Amino acid sequence: MGILKVIDAVFHYKNFSSKEEKESRITAVDHADLSVNRGEFVGILGHNGSGKSTLARLLAGLLVPDTGYIYINGLDSRDRKNQVSIRSVAGMVFQNPDNQLIGNMVEEDIAFGPENLGIAPEEIRIRVDKALKATGMEDCRYLSPGSLSGGQKQKIAISGILAMEPECIILDEPTAMLDARGRSEVMEAIRRLNREKKITVILITHHPEELEEADRIYLMKEGKVMAAGPPSELWQKGDLLRECGSGLPFIRQLTADLRKNGIPLPEDIGEDELAVFLAGLQKGEDQ
Ligand SMILES: Nc1ncnc2c1ncn2[C@@H]1O[C@H](COP(=O)(O)OP(=O)(O)O)[C@@H](O)[C@H]1O
Ligand SMILES: [Mg+2]
């Protein structure tokens, strides 16, 4: 079995309205299936309110499904006796890096997680070194988190999770509050963790561009998984993506539109190749 497996999971939030004096139910995850193998990079794509964060919390064992099953390392998350072991499998990184950093110095922040796990100080020092190196943040070790850019803060938050040595890292829209530079810095760090450190990555986003290199993408709408497959397969479903409040990555949309206008572009053409191709067309016209 894979590291994470979701079978027909349903999760409701119950809201009590004091005005109407009755309880209402919101179905946040609606009969979802998903599976993640060790070492994979899996994306979850969907509009606001489609159930991504709820699914992330189910995958991390922070919530349990009302019906259906979540298996984390083969352990049923509804079984109370599994709670301690499953909590250490997946670490979560959230949208706002400011809420995740609490120390006066970067290294304190990173040490916080392993300290809470009761890890010995010598081992913590080794883990902090490794975690800073993994995100390329060694030079910021003695700085105050408050002095860092948004992208750097998010990389420190990721290092803090890595220092707890989870098998899998779940990132819930980690780039949502960052500028373009911060986004690309954080995305590069995430890809490296997956490729070089073989850490299983679940990336939740509403930017399809960030999932170009994913092994598989799950597309969500109203709590349901509407499609799942490798990016090349998902990018064929432009209408469905739009219906789910998402779209194609910019370059895919552009090449699709150019093809529609009779420009014969090869499938899977990259940004650089496209630029060369278009420049060639321009030159052809000029002659
Ligand atoms: N704590 C909560 N209490 C009540 N409803 C919630 C809560 N969190 C999320 N919801 C609702 O559940 C649905 C799914 O939300 P969420 O999982 O946060 O989606 P996403 O992360 O894709 O924006 C939405 O309708 C949202 O309003
Ligand atoms: Mg969310």
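The values are calculated or read from the model by the stated rules, or taken from the named source; none is laboratory data. As the structure is a computational prediction, the values presented were derived from the model and not from experiment. Reconstructed Cβ throughout: ideal geometry from the backbone, glycine too, with neighbour counts over all protein chains shown. Just so you know, the surface numbers come from the protein's heavy atoms only, side chains and all, with ligands and any DNA or RNA stripped out. Shrake-Rupley method; radii C 1.70, N 1.55, O 1.52, S 1.80 Å.
Observations
- The range 255-287, residues that are of a type outside the set (Asp, Glu) and within 15 Å of Trp235 (Cα to Cα): Thr255, Ala256, Arg259, Pro266, Ile269, Gly270
- Within the range 249-266, residues that are among the hydrophobic types (A, V, I, L, M, F, W, C) reach partners that are assigned to a loop (DSSP other than H, G, I, E, B) with beta carbons closer than 8 Å, at six or more positions or on different chains, in the pairs Ile251/Gly270; Ala256/Leu248; Leu258/Leu265.
- Candidate set: the range 44-61, residues that are more than 6 Å from ligand 1 (Cβ to nearest atom) and not in a helix (DSSP H, G or I); chosen: the one farthest from the chain's Cα centre (by Cα): Gly61
- Close pairs (8 angstrom Cβ cut-off, 6 or more residues apart or separate chains): farther than 14 Å from Asp172 by Cα in the range 53-71, of a type in the set (Lys, Arg) and assigned to a loop (DSSP other than H, G, I, E, B) anywhere: Val64/Arg78; Pro65/Arg78; Tyr69/Arg78; Ile70/Arg78
- Exactly one residue out of Thr67, Thr27 is within 16 Å of ligand 1 (Cβ to nearest atom) and surrounded by fewer than 22 Cβ atoms within 10 Å (Cβ to Cβ): that is Thr27.
- Just one of the numbered conditions (1) more than 30 Å from Ser232 (Cβ to Cβ); (2) in contact (Cβ under 8 Å) with a residue 60 or more places away in the chain; (3) away from ligand 1 (no atom under 16 Å from the Cβ); (4) of a type in the set (Ser, Thr, Tyr) is not true of Ser77: (2).
- Ile190 part of a helix (DSSP H, G or I) and away from ligand 1 (no atom under 16 Å from the Cβ): yes
- Condition met for His12 (under 23 Å from Ala176 (Cα atoms), in contact with a Ser or Thr (Cβ under 8 Å, 6 or more places away or on another chain) and either open to solvent by 60 Å² or more (accessible area, probe 1.4 Å) or away from ligand 2 (no atom under 16 Å from the Cβ) (or both)): no
- Test: residue in the range 191-203 that is open to solvent by less than 30 Å² (accessible area, probe 1.4 Å), under 24 Å from Asp98 (Cα atoms), modelled with pLDDT under 95 and under 17 Å from the mean Cα position of the chain (by Cα): yes
- Each residue in the range 133-178 was checked for being of a type in the set (S, T, N, Q), assigned to a loop (DSSP other than H, G, I, E, B) and open to solvent by 10 Å² or more (accessible area, probe 1.4 Å), and 2 of them qualify.
- Counted residues, the range 78-119 - those being within 30 Å of Gly2 (Cβ to Cβ), in a loop (DSSP other than H, G, I, E, B), open to solvent by less than 60 Å² (accessible area, probe 1.4 Å) and among the hydrophobic types (A, V, I, L, M, F, W, C): 2
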